[in-house]
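S.K.: Sharing a structure here in structure tokens format.
The values are calculated or read from the model by the stated rules, or taken from the named source; none is laboratory data. From a predicted model like this one, the values you see are computed outputs, not experimental measurements. Ideal geometry is used to build each Cβ from the backbone, glycine not excepted, and the neighbour counts take in all protein chains shown.
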Amino acid sequence: MLVINIKVFFLTKVIELLPDDLSKRVILSVTNKEVHSINEKLINRWASNGDDSESRIYLSADSIAKKEGINPNYFPAEFLNTLTIGGLPAHKLELRRGCPLILLRNLDTKKGLVNGTRLIVRRMFDRVLDCEVMNGFSKGSRVFIPRITCTSLSTQLPFSLQRKQFPVQLCFAMTINKAQGQSVEKVGIYLKTPVKNSLSTKFNLSNRFSHMVNCM
């Protein structure tokens, strides 16, 4: 098992990193479960460092898409809130001013707001997030991210989940698949789950990552 020292990689105080530093480093892992775990640990560390920056918790509104033969009364909102599905934002989204995000939906291709765009939270409101783009041709521009209704395409459920939430997730870490096409200088690798194929088949190493974090 290859596990990075998260504290070393993102420094003792994550809040000391400048936007350019956040845009140049990321932790890669195999599964969404591992990525969510890392992101949760780092946002909690951010809070435990005594940072007094603005923070907010956003909860989604979940429902079931209308479908013949499915009675929505069988699936209460409390149950739907517990579901974590790849490609959908989480029911509970805890954000802090300055934390990194990744966009989960195509919102505006002309502005570079596509699936995989990395962002930094600048301000938070009830219905929109004021963010700064960290990568792509719109890097450095300020954009507003609205709440939208996202529908799951999972075939493992007898229904389609509709979740109204900001289409983002924390991005201290991301999956290796999600990292394809991304350009970063400092990469941490968290391989708790074995990888069948070599990492070089997942993303291009020709850009030469300038720093690999301590591993153990």
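S.K.: Among strands (runs of 3 or more DSSP E) lying entirely in the range 31-117, which contain 1 or more residues that are touching a residue at least 12 places away in the same chain (Cβ under 8 Å) and of a type in the set (Val, Ile, Thr)?
M.R.: 55-59, 61-64, 100-103
S.K.: Tally time: how many residues in the range 130-174 are polar (S, T, N, Q) and outside any strand (DSSP E or B)?
M.R.: Just the residues of the range 130-174 that are polar (S, T, N, Q), to begin with: 135, 138, 141, 149, 151-152, 154-156, 160, 162, 165, 169.
Still in the running and outside any strand (DSSP E or B): 135, 138, 141, 152, 154-156, 160.
Number of matching residues: 8.
S.K.: Anything in the range 178-195 that is part of a loop (DSSP other than H, G, I, E, B) and over 13 Å from the mean Cα position of the chain (by Cα)? List them, or say none.
M.R.: Filtering the range 178-195 down to residues part of a loop (DSSP other than H, G, I, E, B) leaves 178-185, 192-195.
Of everything in the range 178-195, those that are part of a loop (DSSP other than H, G, I, E, B) and over 13 Å from the mean Cα position of the chain (by Cα) turn out to be Gln180, Gly181, Gln182, Ser183, Val184, Glu185, Lys192, Thr193, Pro194, Val195.
S.K.: Hey, could you check the range 144-162 for residues that are at pLDDT 95 or above and surrounded by 17 or more Cβ atoms within 10 Å (Cβ to Cβ) and say which is nearest to Arg25 (Cα to Cα)?
M.R.: Ile145
S.K.: Still on this structure, please answer the following. Identify, from the list Phe125, Phe137, Phe172, the residue that is under 14 Å from the mean Cα position of the chain (by Cα) and aromatic (Phe, Trp, Tyr). Spell out the reasoning first.
M.R.: Working: Phe125 fails: under 14 Å from the mean Cα position of the chain (by Cα); Phe137 fails: under 14 Å from the mean Cα position of the chain (by Cα).
Among Phe125, Phe137, Phe172, only Phe172 is under 14 Å from the mean Cα position of the chain (by Cα) and aromatic (Phe, Trp, Tyr).
S.K.: Has the range 128-136 got any residue that is surrounded by 14 or more Cβ atoms within 10 Å (Cβ to Cβ), in contact with a Leu (Cβ under 8 Å, 6 or more places away or on another chain), of a type in the set (Gly, Ala, Ser) and at pLDDT below 95? Don't jump to the end; show me each part of the working.
M.R.: Taking the range 128-136 first, the residues surrounded by 14 or more Cβ atoms within 10 Å (Cβ to Cβ) are 128-136.
Okay, now just the ones that are also in contact with a Leu (Cβ under 8 Å, 6 or more places away or on another chain), so 129, 131-134.
After this cut, where a residue has to be of a type in the set (Gly, Ala, Ser) as well, the list is none.
Taking every residue of the range 128-136 in turn, none turns out to be surrounded by 14 or more Cβ atoms within 10 Å (Cβ to Cβ), in contact with a Leu (Cβ under 8 Å, 6 or more places away or on another chain), of a type in the set (Gly, Ala, Ser) and at pLDDT below 95.
S.K.: Okay, next question. Pairs under 7 Å by beta carbon, first residue farther than 17 Å from Lys164 by Cα in the range 123-134, partner surrounded by 14 or more Cβ atoms within 10 Å (Cβ to Cβ) and of a type in the set (Gly, Ala, Ser), six or more apart or different chains?
M.R.: Once the first residue is farther than 17 Å from Lys164 by Cα and sits in the range 123-134, its partners that are surrounded by 14 or more Cβ atoms within 10 Å (Cβ to Cβ) and of a type in the set (Gly, Ala, Ser) give Val133/Gly112; Met134/Ser23.
S.K.: Taking the stated definitions as given, is Cys171 in contact with a Leu (Cβ under 9 Å, 6 or more places away or on another chain), buried (at least 18 other Cβ atoms within 10 Å of the Cβ), free of Cβ contacts under 8 Å to residues at least 40 places away in the same chain and more than 13 Å from Ser60 (Cβ to Cβ)?
M.R.: Working: in contact with a Leu (Cβ under 9 Å, 6 or more places away or on another chain): yes; buried (at least 18 other Cβ atoms within 10 Å of the Cβ): yes; free of Cβ contacts under 8 Å to residues at least 40 places away in the same chain: no; more than 13 Å from Ser60 (Cβ to Cβ): yes.
Taking the combined requirement at face value, the residue does not satisfy it.
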